[in-house]
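Read the structure below first, then the notes.
The values are calculated or read from the model by the stated rules, or taken from the named source; none is laboratory data. This structure is a prediction, so every number in the text was calculated from the model and none was measured. Using ideal geometry, Cβ is built from the backbone for each residue, glycine included, and neighbour counts are taken over all protein chains shown. Protein only, heavy atoms only, side chains kept; ligands, DNA and RNA dropped before computing areas. Shrake-Rupley method; radii C 1.70, N 1.55, O 1.52, S 1.80 Å.
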Amino acid sequence: LDPGRHRLPDPHLLPDADRAVDRVRRALLGRERICVHGHDDADGVTATTIVTEALAQLGTEALTYIPDRRTEGHGLNRGEIDRLNGEGVRLIVTVDSCVSDVREIEYARSVGIDVVVTDHHEIPPTLPPAAAIVNPKLEHGAYPYRLMAGAGVALRFAVEPWTGPACKAVVVEP
């Protein structure tokens, strides 16, 4: 058995992967505050850790937030967006959630926060106005594995595009 990453498909085949990487690159170069918004299950916590660690390796300390589904529901919420806006966050990267959060992402945009969605859930009839939506279930993607977990999408987005030959890694000096 040889499960090495060299056998995985090119992460740039994921829908919007390049747009997502470009938006994160701009945030890193502009020293914008970034928050990784997770989900409170094993998949979501793992995905949050993957993206947060990848951003740390690129030179930024991202905030993390995992809402309590019992009191805040699933996905983004206005209270969280207002709090993050007050802390100077200009980019939220979601993991394992938010492909259906149209109103919340519209609200985030209205207060000056871009959102990059990484998710694996079913595609809703209306997509949110995110800076990018990285979800292998989107029709315009060419990634061969559509049934990935959220942590798998996070891994392919957070690690591979930054180190692959098609994208120069960005490292921000502290």
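From the list VAL134, VAL89, VAL102, VAL111, which residue is modelled with pLDDT of 95 or more and either open to solvent by 50 Å² or more (accessible area, probe 1.4 Å) or within 14 Å of the chain's Cα centre (by Cα) (or both)?
Numbers: VAL89 fails: either open to solvent by 50 Å² or more (accessible area, probe 1.4 Å) or within 14 Å of the chain's Cα centre (by Cα) (or both); VAL102 fails: either open to solvent by 50 Å² or more (accessible area, probe 1.4 Å) or within 14 Å of the chain's Cα centre (by Cα) (or both); VAL111 fails: either open to solvent by 50 Å² or more (accessible area, probe 1.4 Å) or within 14 Å of the chain's Cα centre (by Cα) (or both).
None of the other options fit; the residue is VAL134.
Out of the stretch 114-131, which residues are of a type in the set (Val, Ile, Thr) and open to solvent by less than 30 Å² (accessible area, probe 1.4 Å)?
VAL115, VAL116, VAL117, THR118
Cβ-Cβ under 7 Å, sequence separation 6+ or interchain: first residue in the stretch 90-117 and touching a residue at least 12 places away in the same chain (Cβ under 8 Å), partner among the acidic types (Asp, Glu) and open to solvent by less than 30 Å² (accessible area, probe 1.4 Å). Which pairs?
THR94/ASP119; ASP96/ASP119; SER97/ASP119; CYS98/ASP119; VAL99/ASP119
Out of LEU84, LEU8, LEU58, I need the residue that is open to solvent by 70 Å² or more (accessible area, probe 1.4 Å) and in contact (Cβ under 8 Å) with a residue 40 or more places away in the chain. Which one? Spell out how you get there, then give the answer.
Numbers: LEU84 fails: open to solvent by 70 Å² or more (accessible area, probe 1.4 Å); LEU58 fails: open to solvent by 70 Å² or more (accessible area, probe 1.4 Å).
Only one candidate qualifies: LEU8.
Only one of these is under 24 Å from HIS121 (Cβ atoms), open to solvent by less than 30 Å² (accessible area, probe 1.4 Å) and out of contact with any helix residue (DSSP H, G or I) (no Cβ under 6 Å at 6 or more places or on another chain): GLY75, GLY38. Name it.
Every option except GLY75 fails the conditions.
Here is a yes/no grid of residues against (1) touching a Leu at 6+ places or on another chain (Cβ under 6 Å); (2) within 20 Å of ILE113 (Cα to Cα); (3) at pLDDT below 95:
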| residue | (1), (2), (3) |
| --- | --- |
| LEU8 | no, no, yes |
| ASP18 | no, yes, yes |
| ALA47 | no, no, no |
| GLY59 | no, no, yes |
| ASP68 | no, no, yes |
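Checking ALA169 against (1) open to solvent by 20 Å² or more (accessible area, probe 1.4 Å); (2) modelled with pLDDT of 95 or more; (3) not β-branched (Val, Ile, Thr), which test does it fail?
Status for ALA169: all satisfied but (2).
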